[in-house]
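Only one structure is covered here, and it is reproduced in the block below.
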Amino acid sequence: MIAETQEVIPALEVHNLSASYQRKPVLWDVDFQLPQGKLIGVVGPNGSGKTTLLKNIMGLMEPDSGYVKLFGEDLEKVRHRISYVPQRESVDWNFPASVRDVVEMGRYRKNRLFKRLKAQDHQLVTEALERVNLLELSQRQISQLSGGQQQRVFIARALAQQADLYLMDEPFVGVDAATEEALLELLTEMKNAGKTVVIVHHDLQTAYEYFDWTVLLNTRLVAAGPQESIFKKELLQEAYGGRLTVLSKIGDLMARKDFPARETGFKEKEGLGDG
Amino acid sequence: MSSAGFYIMATGAVIAAACALLGSFLVLRKMAMVGDAVSHAVLPGIVLAFLISGSRGNLIMLVGAAITGVLTTVLIELLHKKARLQEDASIGITFTWLFAIGVILISSFTGQVDLDQDCVLYGEIAYVPLDLLYTSSGTVLGPRALWVGGGLLLLVVIFVLVGFRGLKISTFNPEYAKALGISTAFWHFSFMGLVSLTTVVSFESVGAILIVALLVVPAATAYLLTHRLKAMLLLAVLFGVLASVGGYYLAAALNGSIAGAMVTVAGILFLLAFGYSRWENSRKA
């Protein structure tokens, strides 16, 4: 019985959340729940409030109204179970730090900030670096990394946190195709280990393939649910308005998915290359 | 070397070292101009505390001025965030206004006492050896400014050592620090409080105009030469000390302002580092 009730606790509940920048509403009455153990995309056009949603979940912004529960609790109670991966552009990569320095920040805690990291912390940092394949570069200065490598540094830092829920803001931006594939593999591994991963993603075309669930956002919540229930013409049109080129491309993509016998060659790859 | 010369250099060195440590984080936080603003805006705090307590260099004066400094950063942020003014404009308004109030206070209320405008603007480190501390039995302990500066340096070193991780994470990625539950406001205000305190202590020696050079130039020089935060802090201290020693000898040779010479040497060191890093980069490429 107990095990069953634990299963049902959603990883994330957002209740009637509204938020604004300078009185301009960015999120309006957004309300949804996300299950544990899934790979979930937050998708919507530019300026649809995706990043704002993550910031509100992480308490980095005061919402105008509404509240958020994580694993059925307030953020403060479960902070150690949540890991946030900000956008890569949000920091100055010329900061004098090595790859390892940044990943070690994943082991910083409020009440242990004055103490040295323990051997176990260093072990977790090494493991995290290994998982994103950056161990050889661990002493490199972070400005000397490619965009994809910098993104992997952020993900390693999140991994070192040993969380259960990961909130990632655009982890695929500025990442080459090979890294994107490797990242996706890592995310799937995390999901299989029971972690919940929520990803803000701007590319509708790849979103359909990458995630199990999607939150479709355009200031208001358009829909949230498993892929099949979200990728419908009416819903996508509601989120993206009349941008039919996007929609017809998605239609193509879905058709190809549904009928895998159709020719798949570099053409499809080309379509996926965005970002 | 005369003991007066040694006292001047030593006082300059401890102040420059404290400034270099804090200045490194100012530079990395892209707040160099906030440091400039604070160094000017503490003036009314200093004058008010001086008028109330009637003497310079006591604890009330230090604390009063440090509070003004933190208030400045709050005011800048308030204008920037609430009035939606650009950050540089907020800085420009805040510190000139506070500084102007300080200038008025000095010129109209402190005419007869020992706090003159030249000293406030340019500092006078050459007077340091004149204000000595004695033990009760009459032994010379050294200049008061050296002791105050030394105490400040100790405080800054302890703060940077103990708070190293907190300063590092809240400087590099404040949002992530917040997500971990770390109070970036605590780090911001304790850091800015210490910057204000440093500014006030350094005031008499190098003055309001040149103090920002000690905060920024050695730190910027070190930033060009290393990719490690710890190395940057150590190098910045080294450059700060070199600037004050070199500045003393330059001033002695030219018979000019010591504070001016210190900053000139710091600038020359920066140019050398800039040339070196350019050469180093072109060699690698």
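The values are calculated or read from the model by the stated rules, or taken from the named source; none is laboratory data. Here the structure is a predicted model, which means the values were calculated and not measured. Quick reminder, even Gly has a Cβ in these numbers, built from the backbone with ideal geometry, and neighbours come from all protein chains shown.
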Given (1) facing chain A (nearest Cβ under 9 Å); (2) farther than 20 Å from A:Phe95 by Cβ, number of the condition B:Ile211 does not satisfy: (1)
Qualifying residue in region A:25-43 (condition: basic (Lys, Arg), touching a Leu at 6+ places or on another chain (Cβ under 8 Å) and closer than 27 Å to A:Phe172 by Cα): no
Region B:1-40: number of residues that are closer than 23 Å to B:Lys168 by Cβ, surrounded by 22 or more Cβ atoms within 10 Å (Cβ to Cβ), more than 11 Å from the chain's Cα centre (by Cα) and modelled with pLDDT under 95: 2
Which numbered condition A:Leu221 fails, given (1) touching a residue at least 24 places away in the same chain (Cβ under 8 Å); (2) touching a helix residue (DSSP H, G or I) at 6+ places or on another chain (Cβ under 8 Å): (2)
Where A:Tyr166 falls short, out of the listed (1) within 14 Å of chain B (Cβ to nearest Cβ); (2) more than 25 Å from A:Pro10 (Cα to Cα): (2)
Test result for B:Leu194, assigned to a helix (DSSP H, G or I) and within 11 Å of chain A (Cβ to nearest Cβ): no
Pick from region B:170-181, criterion at the interface with another protein chain (Cβ under 7 Å from one of its Cβ atoms) and crowded, with 22+ Cβ neighbours inside 10 Å, ranking: nearest to B:Leu28 (Cα to Cα): B:Phe172
Extreme residue, modelled with the highest pLDDT, among residues of region A:210-261 that are closer than 24 Å to A:Glu180 by Cβ and exposed (fewer than 11 other Cβ atoms within 10 Å of the Cβ): A:Glu228
A:Val26 touching a Lys or Arg at 6+ places or on another chain (Cβ under 8 Å) and crowded, with 17+ Cβ neighbours inside 10 Å: no
Unique match (being under 18 Å from the mean Cα position of the chain (by Cα), assigned to a helix (DSSP H, G or I) and away from chain A (no Cβ under 14 Å)) among B:Leu167, B:Leu152: B:Leu152
